[in-house]
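The values are calculated or read from the model by the stated rules, or taken from the named source; none is laboratory data. Remember, predicted model here, so these are calculated numbers, not experimental data. Note: ideal-geometry Cβ built from the backbone for every residue, glycine included; neighbour counts use all protein chains shown.
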Amino acid sequence: MSNGLQVIRAQSLRTRNTFGIDATTPLALRVNDPAQLPEALAMAPDALVLGGGSNLLLVSTPDAVLELANDDIGVIAEDGDHVVVRCGAGAVWHDFVMATLRRGWSGLENLSLIPGTVGASPIQNIGAYGVEVMERIIAVDAWDRHEARWTRFTATDCAFTYRDSRFKHEPDRYVVTSVEFRLDRIPRLRLDYAGIRDELAVMAIDTPAANDVAEAVVRIRRRKLPDPAVIGNAGSFFKNPIVATGLAEALRGAHPDLPVFPAGSPDCCKLSAAWLIDRCGWKGHRDGDAGVSAGHALVLVNHGHATGAQLLDLARRIAASVQECFGVAIEPEPRIIGARW
């Protein structure tokens, strides 16, 4: 094989998925140069694209996995106030965010410490602390497996919605190879999301810079979410449900402490999935090695040797109880490999 493509046989995936599911794939392909993608996919047309493994649940073992390792960062265009930056899909997301801040570019600071790769960011439309990555993406480059050609998507083409995109609806079609972002030279900080101003106050910062916001977000995330290096997890397992405003008002009337957030339309509201799950009594629950974090009801955890099927069964029972108690359907954020939700 060329330097742009490495082939590995019988590759363990235990350290390649943050749930720590024990699985071994017969074939792993590491693509250092996206130009080698057609060659790699000729060897394994149905290979699972694996980034940081932080947004998937392995219920069965894939026959082959493909990893993009390109992590280059380059400036495409710039003016006095903004810069357009292209980053390779293989870059670690948090490393990329820190690199932008070091260079004086802001806009991604609220998304600090989200696990995974840059290539995964548009697929999930990652978001945190009042910001979604779709606000900063201007283009996505990808290989179309169905038509065997390179293609480029504008932000509109990506069909972004809350934790969703066209790529998520066609998970086996496109392989994202790079993403372009429009960032600010003059910061426009987003501080209104719950907890950020309080954390900055604890840090004794009255006039924050973008890197201060990033540090505040990192501190909050480390305090709230378990470290996958310590206990297997994929971060928030369930999306916050979006429901009709009338249902949200009825639920809040019955439960005044239920957190309700705007959802971009007067007809809809977003509810806190963590609150719903916690109220159903699941926080800290454990069945064998499959459990729910004692610190955050949204986080499913692997205490050691849980299988993907056991974690999926637990997730389904949690969702069923929320539906029964509140009449609200909740859905998973991670991609489920080998089963349907």
Of Asn110, Asn125, the only residue that is touching a residue at least 60 places away in the same chain (Cβ under 8 Å) and not small (Gly, Ala, Ser) is Asn110
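Looking only at region 175-207, filter to residues that are among the acidic types (Asp, Glu) and part of a loop (DSSP other than H, G, I, E, B); which one of those is nearest to Pro332 (Cα to Cα)? Reasoning before the result, please.
Taking region 175-207 first, the residues among the acidic types (Asp, Glu) are 180, 184, 192, 198-199, 206.
Checking which are part of a loop (DSSP other than H, G, I, E, B) leaves us with 192, 206.
Values: Asp192: 26, Asp206: 38 Å.
Once the filter is applied, the top-ranked residue is Asp192.
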Answer from Leu300, Leu312 - the residue that is assigned to a helix (DSSP H, G or I), modelled with pLDDT of 95 or more and closer than 18 Å to Leu56 by Cβ
Leu312
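Quick check on my filter: what residues within region 173-217 are within 30 Å of Arg149 (Cβ to Cβ), of a type in the set (Ser, Thr, Tyr) and either exposed (fewer than 14 other Cβ atoms within 10 Å of the Cβ) or in contact with a Gly (Cβ under 6 Å, 6 or more places away or on another chain) (or both)?
Taking region 173-217 as the starting set, the residues that turn out to be within 30 Å of Arg149 (Cβ to Cβ) are 173-183.
Add one more test, that the residue is of a type in the set (Ser, Thr, Tyr), and what stays is 174, 177-178.
If the condition is that a residue be within 30 Å of Arg149 (Cβ to Cβ), of a type in the set (Ser, Thr, Tyr) and either exposed (fewer than 14 other Cβ atoms within 10 Å of the Cβ) or in contact with a Gly (Cβ under 6 Å, 6 or more places away or on another chain) (or both), then Ser178 is the only one that fits.
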How many residues, within region 12-26, are surrounded by 20 or more Cβ atoms within 10 Å (Cβ to Cβ) and in a strand (DSSP E or B)?
1
List the helices (runs of 4 or more DSSP H) that sit entirely inside region 210-288 and contain at least 1 residues that are farther than 23 Å from Pro334 by Cα.
210-224, 245-254
Quick check on region 252-269. Is at least one of its residues loosely packed, with under 13 Cβ neighbours inside 10 Å, closer than 30 Å to Met203 by Cβ and modelled with pLDDT of 95 or more?
yes
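What residue, of Arg136, Arg86, Arg102, is surrounded by 19 or more Cβ atoms within 10 Å (Cβ to Cβ), over 13 Å from the mean Cα position of the chain (by Cα) and at negative phi? Steps first, please.
Details: Arg86 fails: surrounded by 19 or more Cβ atoms within 10 Å (Cβ to Cβ); Arg102 fails: surrounded by 19 or more Cβ atoms within 10 Å (Cβ to Cβ).
Exactly one of Arg136, Arg86, Arg102 is surrounded by 19 or more Cβ atoms within 10 Å (Cβ to Cβ), over 13 Å from the mean Cα position of the chain (by Cα) and at negative phi, namely Arg136.
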Taking region 148-174 as the region of interest, how many residues are more than 18 Å from Pro332 (Cα to Cα), outside any loop (DSSP other than H, G, I, E, B) and within 19 Å of the chain's Cα centre (by Cα)?
1
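Out of Pro45, Pro62, I need the residue that is within 15 Å of Asp172 (Cα to Cα), within 24 Å of the chain's Cα centre (by Cα) and in a loop (DSSP other than H, G, I, E, B). Which one?
Details: Pro45 fails: within 24 Å of the chain's Cα centre (by Cα).
Just a single option satisfies the conditions, and that option is Pro62.
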Those residues that are without any contact (Cβ under 8 Å) to a residue 60 or more places away in the chain, among the charged types (D, E, K, R) and within 19 Å of Pro259 (Cα to Cα), I need them from region 184-199; list them, please.
Arg197, Asp198
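Is region 163-176 home to any residue that is basic (Lys, Arg) and farther than 30 Å from Ala42 by Cβ? Show your work before the answer.
Looking only at region 163-176, we keep the residues that are basic (Lys, Arg), and these are 163, 166, 168, 173.
Filter once more, keeping what is farther than 30 Å from Ala42 by Cβ: 163.
Among the residues of region 163-176, at least one is basic (Lys, Arg) and farther than 30 Å from Ala42 by Cβ, which makes the answer yes.
For region 315-341, how many residues are in a loop (DSSP other than H, G, I, E, B) and within 24 Å of Gly51 (Cα to Cα)? Steps first, please.
From region 315-341, those in a loop (DSSP other than H, G, I, E, B) are 327-331, 333-334, 338-341; that's our starting set.
Those still in the list that are within 24 Å of Gly51 (Cα to Cα) too: 331, 333-334, 338-341.
Residues that pass the stated criteria total 7.
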Residue satisfying condition, being without any contact (Cβ under 8 Å) to a residue 60 or more places away in the chain, aliphatic (A, V, I, L, M), surrounded by 14 or more Cβ atoms within 10 Å (Cβ to Cβ) and part of a strand (DSSP E or B), within set Leu57, Leu29
Leu29
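Is it fair to say Asp71 is touching a Cys at 6+ places or on another chain (Cβ under 9 Å) and surrounded by 14 or more Cβ atoms within 10 Å (Cβ to Cβ)?
Numbers: touching a Cys at 6+ places or on another chain (Cβ under 9 Å): yes; surrounded by 14 or more Cβ atoms within 10 Å (Cβ to Cβ): yes.
Against the criterion (touching a Cys at 6+ places or on another chain (Cβ under 9 Å) and surrounded by 14 or more Cβ atoms within 10 Å (Cβ to Cβ)), Asp71 qualifies.
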